[in-house]
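Below you'll find the structure, written out as structure tokens, and then a few comments.
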Amino acid sequence: MKNKYNRTVTACFVGYIVQAVVNNFAPLLFLFFLKSYQIPLSQITLLVTFNFGIQLLVDLLSVGFVDRIGYRACMIAAHIFSAAGLVMLTFLPELLPVPFAGILISVMTYAVGGGLLEVLVSPVVEACPSDNKEKAMSMLHSFYCWGYAGVVLISTVFFQAAGIENWKILALLWAVLPVCNAIIFTRVPFVPLIEDGEQGLKLKELLGRRIFWILMVMMVCAGASEQAVSQWASTFAEKGLGITKAAGDLAGPMAFAVLMGLSRTFYGKYGDKIDLERFMAGSSILCILSYLGISLVPVPQFSLIACAVCGLSVGIMWPGAFSRASAALPKGGTAMFALLALGGDVGCTGGPTLVGMVSGAAGDNLKTGVLAGVIFPLILLAGIAVSGKAGRKRYINWLKNKKPGYQL
């Protein structure tokens, strides 16, 4: 990496930590909000829906405005929205007649920041000069995992030491991070995603490429494979082992996040010696085995271990899909990254939803729900085979014989 772009990449790493903060801090306070503001559980659930719903909307709309406004302005705005939402969370519930309205407005505000970060951070790092872009992308996405684990750990320690009633102090401290990073982004250099003199793919051209839709399906399955287990890991820990909620969060989601981060860090360090296609295929097979271990082995301790192993297996899926898209469609531009982020977020929503619906239909049996979720890593594995070097070569030959002039 050229020295002058090191600060840009480092700021992007911090950007993913900011996204981890805005996505995972408020959920740690949901039970406290329920008790102190007398908010029913049904409304608390809406906060999660609105958070990711707004991020999905931003993913979609960003196709039309990011290139016009510019990456620097959008990146600064993303951090400002993130900080503003965290700060508003500390006073808006008391300021408005209905506390839930204040919380919802705050969540929607930082969700705009989170959605923008999802769209912007990956292409900025992809554009920066690097000896191995797959390594840089994997290392980048590992920082979301470390941010998630850090938010859970630091917040848990703070609540134990200072009391959860002083959560507003911690919220303001977390808000300092995006403010400082926004200032850094006013100074760091940016590299155009499409080089001067070259023209990127138009949206219609991008949507007309078969390889794009294969990659889009892979992104949906990557997000679904990750979240279908992650969202239920704490429940497995609590119900299966009979431990407390705090211990369940540490043994379930935090173990999942740490192992997912280790997987991404490992590839970020040694990726130049590892074939990405084979690493993703092996990870998908490990993910399938972990899903089967969770759902079919009747030993609670083994199920919990399988949940953690699932975190290890899904680590490369999201950044790997981004890297494969950049290699297959180098002129995809902002539209490609925005739509892939949209696909990933759809998977993050759809995966846990499928597990929950199947579990409910099976009498609240989570194992049955997770067994149904194995469809996601299976489809991802098929996508890797089709989009891989050998599969792509066979497909190109088939297109030449069947559909002359069709562009992959």
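The values are calculated or read from the model by the stated rules, or taken from the named source; none is laboratory data. Quick caveat: nothing in here was measured; it's all calculated off a predicted structure. Virtual Cβ from ideal backbone geometry, glycine too; neighbours counted across all protein chains shown. All accessible areas refer to the heavy atoms of the entire protein, side chains included, with ligands and DNA or RNA removed. Shrake-Rupley method; radii C 1.70, N 1.55, O 1.52, S 1.80 Å.
If you go through the stretch 282-315 and keep only what is closer than 24 Å to Leu140 by Cα and surrounded by 18 or more Cβ atoms within 10 Å (Cβ to Cβ), you end up with Ser283, Ser284, Cys287, Cys307, Ala308, Val309, Cys310, Gly311, Leu312, Ser313, Val314, Gly315. Scanning the stretch 290-317 for residues that are in contact with a Lys or Arg (Cβ under 9 Å, 6 or more places away or on another chain) and part of a helix (DSSP H, G or I) yields a total of 5. Checking each residue in the stretch 75-88 for being among the small types (Gly, Ala, Ser) and surrounded by 21 or more Cβ atoms within 10 Å (Cβ to Cβ) picks out Ala78, Ser82, Ala83, Gly85. Looking only at residues in the stretch 37-92 that are hydroxyl-bearing (Ser, Thr, Tyr) and without any contact (Cβ under 8 Å) to a residue 40 or more places away in the chain, which one is farthest from Leu203 (Cα to Cα)? So the residue we want is Ser42. Close contacts from the stretch 275-286, counting a first residue that is free of Cβ contacts under 8 Å to residues at least 24 places away in the same chain and a second that is in a helix (DSSP H, G or I) and buried (at least 17 other Cβ atoms within 10 Å of the Cβ), with Cβ to Cβ under 9 Å and a gap of 6+ residues or different chains, come to Gly282/Ser313.
Being within 18 Å of Val258 (Cβ to Cβ), touching a residue at least 24 places away in the same chain (Cβ under 8 Å) and in contact with a Pro (Cβ under 7 Å, 6 or more places away or on another chain) is the requirement here; does Cys307 meet it? Outline the logic, then answer.
Details: within 18 Å of Val258 (Cβ to Cβ): yes; touching a residue at least 24 places away in the same chain (Cβ under 8 Å): yes; in contact with a Pro (Cβ under 7 Å, 6 or more places away or on another chain): no.
Judged against the criteria, Cys307 is not a match.
Residues that are in contact with a Lys or Arg (Cβ under 8 Å, 6 or more places away or on another chain) and either without any contact (Cβ under 8 Å) to a residue 24 or more places away in the chain or of a type outside the set (A, V, I, L, M, F, W, C) (or both) within the stretch 168-186 comprise just one, Thr186.
For the stretch 89-123, the candidate set comprises residues that are open to solvent by 10 Å² or more (accessible area, probe 1.4 Å) and of a type in the set (Val, Ile, Thr); within that set, the residue that is nearest to Ala335 (Cα to Cα) is Val112.
Criterion applied to Phe13, Phe25, Phe33 was being crowded, with 19+ Cβ neighbours inside 10 Å and more than 23 Å from the chain's Cα centre (by Cα), and the one residue passing it is Phe33.
With the requirement that a residue be touching a residue at least 24 places away in the same chain (Cβ under 8 Å) and within 16 Å of Val48 (Cα to Cα), what does the stretch 93-105 give you? Within the stretch 93-105, Phe100, Ile103, Leu104 meet the criteria. Any residue in the stretch 36-59 that is over 25 Å from the mean Cα position of the chain (by Cα) and crowded, with 17+ Cβ neighbours inside 10 Å? There is at least one residue in the stretch 36-59 that is over 25 Å from the mean Cα position of the chain (by Cα) and crowded, with 17+ Cβ neighbours inside 10 Å. Only one entry of Val87, Val18 meets the criterion of being in a helix (DSSP H, G or I), of a type outside the set (Phe, Trp, Tyr) and in contact with a His (Cβ under 7 Å, 6 or more places away or on another chain), and that entry is Val18. For the stretch 320-351, the tally of residues that are out of contact with any Phe, Trp or Tyr (no Cβ under 7 Å at 6 or more places or on another chain), open to solvent by 20 Å² or more (accessible area, probe 1.4 Å), assigned to a helix (DSSP H, G or I) and of a type outside the set (A, V, I, L, M, F, W, C) stands at 2. Residue selection: Val18 fails the criterion of being open to solvent by less than 40 Å² (accessible area, probe 1.4 Å), within 15 Å of the chain's Cα centre (by Cα) and within 22 Å of Ala101 (Cα to Cα). Taken over the stretch 267-301, the criterion of being of a type in the set (A, V, I, L, M, F, W, C) and under 18 Å from the mean Cα position of the chain (by Cα) is satisfied by Met280, Cys287.
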